[in-house]
1. Output the number of the condition that R56 fails; it satisfies all remaining conditions of (1) closer than 20 Å to I122 by Cβ; (2) surrounded by fewer than 22 Cβ atoms within 10 Å (Cβ to Cβ); (3) not aromatic (F, W, Y).
2. Can you tell me which residue among G73, G62 is crowded, with 21+ Cβ neighbours inside 10 Å, modelled with pLDDT under 95 and either closer than 17 Å to V153 by Cα or of a type outside the set (F, W, Y) (or both)?
3. Please go through the range 20-51 and give me each residue that is at negative phi, at pLDDT below 95 and among the small types (G, A, S), ordered by number.
4. Could you tell me whether the range 63-75 includes any residue that is touching a helix residue (DSSP H, G or I) at 6+ places or on another chain (Cβ under 7 Å) and more than 21 Å from W147 (Cβ to Cβ)?
5. Of the conditions (1) more than 20 Å from A150 (Cβ to Cβ); (2) at pLDDT 95 or above; (3) in contact with an Asp or Glu (Cβ under 9 Å, 6 or more places away or on another chain), M1 satisfies every one except a single condition; which number is it?
6. For residues that are out of contact with any strand residue (DSSP E or B) (no Cβ under 8 Å at 6 or more places or on another chain) and not charged (D, E, K, R), tally how many sit in the range 46-79.
7. Out of all the residues in the range 49-105, which are charged (D, E, K, R) and part of a strand (DSSP E or B)?
8. Does V50 satisfy being aliphatic (A, V, I, L, M), under 14 Å from L101 (Cα atoms) and in contact with a helix residue (DSSP H, G or I) (Cβ under 8 Å, 6 or more places away or on another chain)?
Amino acid sequence: MRKAKPEDLPTVISINLVSLKEHYPEDFWRQHLEMWGEAFLVADADSRVVGYVMCRVERGLGYINKSLLKKLGHVISIAVHPDYRGMGIGYSLMTEALRKLREFYKVSEVYLEVRVSNEPAIKLYEKLGFKKVQRIRFYYLDGEDAWLMAREV
């Protein structure tokens, strides 16, 4: 596990393309790497990148404790190449991203969106302490709803 580098982006994007239905332009990935690089992580195995997590930092009221304006960590995208799933890589990426968001960026809460049909991801996030906060209707381009999940750090 390590910080992503600009030269990792083509592989990260290819993992995204084979793993998820949501895709972003290359500039979006590059901007996140430049602005929040401490929380943009990759996992290496067999001398290649096999997974990633990309986060950013925002300001808002949060979803757990809505009474104060605070720094929020937002997990934008996480994926592990299909050949490397079930090995704990996603858990490790998320654990390290949460640590980086807390220690480096001083966030007090982290949130993410996940397809309501993505049971493996929901179970992973619940294992990490995330709670379902709200259902967002028609969140994804194909019309599927998302769970917004959050946790304090």
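The values are calculated or read from the model by the stated rules, or taken from the named source; none is laboratory data. Keep in mind the model is a prediction, meaning the values are calculated, not measured. All Cβ positions, glycine included, derive from the backbone under ideal geometry; neighbour counts span all protein chains shown.
1. Of (1) closer than 20 Å to I122 by Cβ; (2) surrounded by fewer than 22 Cβ atoms within 10 Å (Cβ to Cβ); (3) not aromatic (F, W, Y), only one is false for R56: (1).
2. G62
3. Within the range 20-51, just A45 meets the criteria.
4. Among the residues of the range 63-75, not one is touching a helix residue (DSSP H, G or I) at 6+ places or on another chain (Cβ under 7 Å) and more than 21 Å from W147 (Cβ to Cβ), which makes the answer no.
5. M1 satisfies all of (1) more than 20 Å from A150 (Cβ to Cβ); (2) at pLDDT 95 or above; (3) in contact with an Asp or Glu (Cβ under 9 Å, 6 or more places away or on another chain) except (2).
6. The total comes to 3.
7. R56, E58, R59, K70, K71
8. On the way: aliphatic (A, V, I, L, M): yes; under 14 Å from L101 (Cα atoms): no; in contact with a helix residue (DSSP H, G or I) (Cβ under 8 Å, 6 or more places away or on another chain): yes.
The answer is no for V50.
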